[in-house]
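The values are calculated or read from the model by the stated rules, or taken from the named source; none is laboratory data. Fair warning: this is a prediction, and the values are worked out from it, not measured in the lab. Here Cβ is always computed from backbone atoms with ideal geometry, including for glycine, and neighbour counts include all displayed protein chains.
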Amino acid sequence: MPFATKNLLVVIATVGALSATSLSFAHGDETHSARKFDASKVEATAFGQEGDPKKATRTITVDMADTMRFSPADITVKRGEIVKIVPRNKGQVLHEMVLGTPAELKKHAEQMKKNPGMEHDEAYMAHVKPGQSGEIVWQFTQAGEFQFACLLPGHFEAGMVGKVTVK
């Protein structure tokens with residue numbers, strides 16, 4: 001096979017793979033429907049797992065603002081507790097709340113800078129349009145300090161980060 005043909009096939013395969021990836025991870029102006037809890041699909045992470053909404057013990061409302069801040073910026077939960085977190089977008093631009101470890105959030109924020117149109121819909125995140133609210137139902141299974149952040153390009157870098165303390 002000629003060298004130019006090999007290169008063309010590599011380019012086509014790469015573009016196809018990137019296209020498929022970007023379809024599965026978007027952060028655009030999309031609207032997500034409410035998640036339907038399915039215990040058989042719950043996956044454990046270093047910072048917990050999706051919680052059953054019927055077993056949530058309390059609701060924590062967190063406001064998001066165009067000043068690139070969360071309010072409150074610090075929340076405390078008990079290890080094993082299932083909480084419903086309701087991020088409310090009080091601003092004029094799209095924001096999101098993503099739970100994770102500091103290292104995971106930093107890595108994800110870097111990916112977002114390279115692929116600002118990424119789309120994904122995981123139990124530990126909520127994309128919230130201006131004037132709207134989202135919902136994350138989460139069980140914090142490990143004690144420690146974790147974070148939540150808005151990973152839209154520029155928001156994380158501007159300090160739109162909060163802390164979750166699990167006791």
Next item on the list: Please enumerate the residues belonging to the stretch 90-113 that are assigned to a helix (DSSP H, G or I), closer than 26 Å to Lys36 by Cβ and of a type in the set (D, E, K, R).
Entry: Glu104
Note to self: Between Pro116, Pro153, which is over 25 Å from Lys41 (Cα atoms), in a loop (DSSP other than H, G, I, E, B), out of contact with any Lys or Arg (no Cβ under 8 Å at 6 or more places or on another chain) and at pLDDT below 95?
What the structure shows: Pro116
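Return yes or no: is Lys90 touching a Gly at 6+ places or on another chain (Cβ under 9 Å), surrounded by 14 or more Cβ atoms within 10 Å (Cβ to Cβ) and over 13 Å from Tyr124 (Cα atoms)?
On the way: touching a Gly at 6+ places or on another chain (Cβ under 9 Å): yes; surrounded by 14 or more Cβ atoms within 10 Å (Cβ to Cβ): yes; over 13 Å from Tyr124 (Cα atoms): yes.
It is true that Lys90 is touching a Gly at 6+ places or on another chain (Cβ under 9 Å), surrounded by 14 or more Cβ atoms within 10 Å (Cβ to Cβ) and over 13 Å from Tyr124 (Cα atoms).
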Check: Which of the following residues is of a type outside the set (D, E, K, R) and under 12 Å from Met64 (Cβ atoms): Gln147, Gln142, Gln111, Gln132?
Finding: Gln132
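If you take the residues of the stretch 134-167 that are touching a strand residue (DSSP E or B) at 6+ places or on another chain (Cβ under 8 Å) and small (Gly, Ala, Ser), which of them is surrounded by the most Cβ atoms within 10 Å (Cβ to Cβ)? Reasoning before the result, please.
Here is the first cut: in the stretch 134-167, the residues touching a strand residue (DSSP E or B) at 6+ places or on another chain (Cβ under 8 Å) are 134-152, 155-156, 159-167.
Restricting the remaining residues to those that are small (Gly, Ala, Ser) gives 134, 143-144, 149, 159, 162.
Working: Gly134: 21, Ala143: 11, Gly144: 13, Ala149: 24, Gly159: 13, Gly162: 20.
Taking the candidates together, the pick is Ala149.
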Item checked: Complete set of residues in the stretch 74-86 that are under 16 Å from the mean Cα position of the chain (by Cα) and under 14 Å from Lys163 (Cα atoms) -> Ile85
Note to self: Restricting to the stretch 44-81, name every residue that is assigned to a strand (DSSP E or B), under 18 Å from Ala123 (Cα atoms) and of a type in the set (Asp, Glu).
What the structure shows: Glu50
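What about Leu99, is it more than 24 Å from Lys167 (Cβ to Cβ) and of a type in the set (A, V, I, L, M)? So that I can check it myself, show each step before the final result.
Working: more than 24 Å from Lys167 (Cβ to Cβ): no; of a type in the set (A, V, I, L, M): yes.
When the stated conditions are applied, Leu99 does not pass them.
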Notebook entry, point to check: Which condition number does Ala103 fail, the rest of (1) farther than 17 Å from Thr59 by Cβ; (2) of a type in the set (A, V, I, L, M, F, W, C); (3) in contact (Cβ under 8 Å) with a residue 12 or more places away in the chain being met?
Noted result: (3)
